[in-house]
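The values are calculated or read from the model by the stated rules, or taken from the named source; none is laboratory data. Note that the coordinates shown come from a computational prediction; the quantities given were computed from them, not determined experimentally. Cβ: placed from backbone, ideal geometry, glycine included. Neighbour counts: every protein chain shown.
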Amino acid sequence: MIEQTNDGFDPNAFSMITKIVSEILGIPSSEIESDHRFVEDLGADSLAMYELREAVEDKFKLLIPDNDVVHLSTIRSIATYIAQKQIS
């Protein structure tokens, strides 16, 4: 069963996504917060964003359409998106 907070945030997904972001961007997991923006706060470039998308799709066995990915700018937004997709 998927564990979520009231706003749909999945803490387990957050942990897995944080690990992915840490590996791709070379930032310690302890310095990454759920509401950090990938580009503005964590310094991700377009290649890193592509790698992040691919890694999340592989890890969670889902496809993130282009029209959805533009709205996923934080770990929290991705974790919530994943939780919603896994429920439906």
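Can you find even one residue in the range 38-46 that is under 11 Å from the mean Cα position of the chain (by Cα) and surrounded by 16 or more Cβ atoms within 10 Å (Cβ to Cβ)? Yes. Selection of the range 1-28 for residues being modelled with pLDDT of 95 or more, surrounded by fewer than 18 Cβ atoms within 10 Å (Cβ to Cβ) and touching a Ser or Thr at 6+ places or on another chain (Cβ under 7 Å) yields Lys19, Ser22, Pro28. Residue pairs whose Cβ atoms lie under 7 Å apart, sitting 6 or more positions apart in sequence or on different chains, and linking a residue in the range 47-66 that is among the acidic types (Asp, Glu) to a partner that is part of a helix (DSSP H, G or I), are Glu51/Ile24. Taken over the range 8-31, residues that are in a helix (DSSP H, G or I) and in contact with a Leu (Cβ under 7 Å, 6 or more places away or on another chain) amount to 4. Taking (1) among the hydrophobic types (A, V, I, L, M, F, W, C); (2) closer than 17 Å to Ala83 by Cβ; (3) in a helix (DSSP H, G or I) in turn, Leu62 satisfies each apart from (3). If you scan the range 72-88, which residues turn out to be over 11 Å from the mean Cα position of the chain (by Cα) and not in a helix (DSSP H, G or I)? If the condition is that a residue be over 11 Å from the mean Cα position of the chain (by Cα) and not in a helix (DSSP H, G or I), then Ser88 is the only one that fits. For the range 29-37, state whether one or more residues are touching a Phe, Trp or Tyr at 6+ places or on another chain (Cβ under 8 Å), small (Gly, Ala, Ser) and crowded, with 18+ Cβ neighbours inside 10 Å. Within the range 29-37, none of the residues are touching a Phe, Trp or Tyr at 6+ places or on another chain (Cβ under 8 Å), small (Gly, Ala, Ser) and crowded, with 18+ Cβ neighbours inside 10 Å.
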